[in-house]
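This report refers to the structure that appears directly beneath it.
All of the numbers you see were taken from the coordinates with simple rules; none came from a lab. What you see is a predicted model, and the numbers here were worked out from it, not measured in a lab. We place every Cβ from the backbone using ideal geometry, glycine too, and count neighbours over all the protein chains shown.
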């Protein structure tokens with residue numbers, strides 16, 4: 001009986017802690033968005049942090065990630081085109097390729113890539129700042145850490161995910177055209193017709209919205225997890241691990257919700 005009671009107490013405490021960290025994460029996201037929408041929040045310092053975040057998150061990885069996305073897109077497009085031809089469905093190859101890559105895979109892969117590249121670093125940096133008392137010291141000196149430290153990182157991460165998604169999507173469009181039509185230009189009207197069918201206004205808004213939410217997740221969750229780190233040095237790697245697990249869960253949940261909204 002005591003074992004069962006202790007087990008329930010531990011489970012209840014774990015669920016309560018999980019609820020609190022997700023609540024704090026949502027509250028932090030709301031504060032960051034509200035501040036980001038205020039023009040007065042931007043000055044030379046915040047713009048510098050935003051630009052640095054974009055540089056380290058997107059610009060530095062652009063060549064390697066573009067090459068990876070091109071190879072992945074080329075292989076998947078060739079698989080779809082070949083399979084469609086075998087079943088006599090070549091007319092649908094281009095549309096299926098774009099729906100698979102641009103609407104679903106590329107935004108998710110971009111978010112995962114940025115998460116591995118930058119989110120763990122952001123989580124580690126914020127956790128160490130919390131452990132070493134740097135955040136409290138800044139706040140004691142009347143420094144608005146949300147406006148000067150955290151909000152610019154959120155904005156930089158969102159812009160990075162949107163920019164990388166746009167670059168890889170355009171690259172996928174070019175590769176799909178070459179795979180289906182080859183090196184000729186007289187099929188552009190047919191290509192434009194198919195693209196107009198796939199990417200109507202609602203779909204474009206959905207892509208931008210999903211990529212924005214992905215970008216919000218890959219920055220907000222690591223920062224919120226870092227801020228929740230207890231002031232003990234050994235908790236830093238635990239905080240990063242926990243933050244990455246929560247981030248992966250959030251990204252998968254966003255993708256599943258997007259699929260359910262579009263196809264169910």
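Could you tell me the center-to-center distance, by alpha carbons, between the stretch 165-180 and the stretch 63-86 in angstrom?
About 9 Å separates the Cα centre of the stretch 165-180 from the one of the stretch 63-86.
Using only the alpha carbons, work out the radius of gyration and Dmax of the chain in angstrom.
So, for the chain, Rg and Dmax equal 21.9, 78 Å respectively.
Using the per-residue mean of other Cβ atoms lying within 10 Å as a proxy for protection, in what order, highest first, do the peptides 25-36, 217-228, 129-140 fall?
Sorting 25-36, 217-228, 129-140 by mean packing, highest first, produces 217-228, 25-36, 129-140.
So for each of 182-193, 245-256 I average, over its residues, the number of other beta carbons within 10 Å; can you give me the resulting order with the highest mean first?
245-256, 182-193
Roughly speaking, what is the stretch gain from residue 47 to residue 71, that is 0.36 nm per residue apart minus the C-alpha to C-alpha distance, in nm to one decimal?
Using 0.36 nm per residue and subtracting the Cα-Cα distance, I get 5.2 nm.
Using the beta-carbon distance between residue 205 and residue 264 and R0 = 22 Å, what value does 1/(1 + (r/R0)^6) give for FRET efficiency, to the nearest 0.05?
0.70
For residue 125 and residue 252, what does the FRET efficiency come to when R0 = 22 Å and r is the distance between their Cβ atoms, rounded to the nearest 0.05?
0.30
Please give the FRET efficiency for residue 37 paired with residue 90, using the beta carbon to beta carbon distance and R0 = 41 Å, rounded to the nearest 0.05.
After rounding, the FRET efficiency stands at 0.30.
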